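Working notes, structure below.
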Amino acid sequence: MKTDKKLISAGLLTAIASSLCCITPVLAIVAGSSGLASTFSWLEPFRPYFIGMTVFILGFAWYQKLKPQKQIDCKCETTEKPNFMQTKSFLGIITVMTVLLLSFPIYAHIFFPKTENKAIITQTSEIQKVEFTITGMTCSGCEHHVKTEISKLKGIVEVVVSYEKGNAIVKFDNKQTSIQEIEKAINSTGYKSIKNKIIS
């Protein structure tokens with residue numbers, strides 16, 4: 001049935017749209033083009049609506065599939081096998097894919113490389129702690145992307161990034177790197193460092 005295909009397609013598309021802002025940073029890291037990461041961050045405010053639409057569309061598709069069919073009083077034989085795309089199995093596969101897409105922000109961090117800070121500290125007096133205010137981050141995927149880029153710099157001791165607070169607190173050896181270099185690393189992700197504050 002064409003209606004089933006349309007419902008399934010619509011459900012999948014809304015699921016993709018709801019997680020696109022979180023999938024893009026992972027794809028950007030894999031593609032080696034980290035500047036594309038924030039491309040779909042503008043979709044984040046609409047995420048609850050996309051999730052609602054996805055649940056409604058797939059719920060309706062399952063209702064259509066499971067409701068009892070009207071029996072037609074006919075003596076004709078129907079041996080035609082339904083197309084796989086019209087089966088419950090296919091709808092089940094799409095439902096599982098949709099759940100994985102909708103929950104992507106929860107497990108996005110596993111796709112990011114592990115960051116190890118290899119700073120060789122010569123003098124503790126050179127250690128500086130700075131808070132950077134960042135715009136555009138919308139999920140844990142964004143956090144990991146920013147953290148990955150900052151951690152590539154020499155002299156980074158510790159990085160804590162929070163999309164909820166919209167900041168990154170970076171501890172670094174100011175003889176090996178600088179505030180400007182860290183800002184450049186943040187901005188290279190597509191998110192913007194709009195201000196910084198020296199903590200210690």
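The values are calculated or read from the model by the stated rules, or taken from the named source; none is laboratory data. Predicted, not measured: the structure shown is a model, and the values here were computed from it. Every residue, glycine as well, gets a Cβ built from its backbone with ideal geometry; the counts of neighbours run over all protein chains shown.
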Can you tell me which residue within the stretch 164-181, out of those that are surrounded by fewer than 22 Cβ atoms within 10 Å (Cβ to Cβ) and within 16 Å of Met137 (Cα to Cα), is modelled with the lowest pLDDT?
Glu164
Within the stretch 80-90, the residues that are among the hydrophobic types (A, V, I, L, M, F, W, C) and at pLDDT 80 or above are Phe90
Going residue by residue through the stretch 59-69, is there one that turns out to be part of a loop (DSSP other than H, G, I, E, B), among the basic types (Lys, Arg) and modelled with pLDDT under 70?
no
State which residue is modelled with the highest pLDDT when the search covers only the stretch 121-141 and only residues that are surrounded by fewer than 17 Cβ atoms within 10 Å (Cβ to Cβ) and touching an Asp or Glu at 6+ places or on another chain (Cβ under 8 Å).
Glu126
Of (1) more than 30 Å from Leu102 (Cα to Cα); (2) surrounded by 16 or more Cβ atoms within 10 Å (Cβ to Cβ), Lys184 satisfies all except one. Which?
(2)
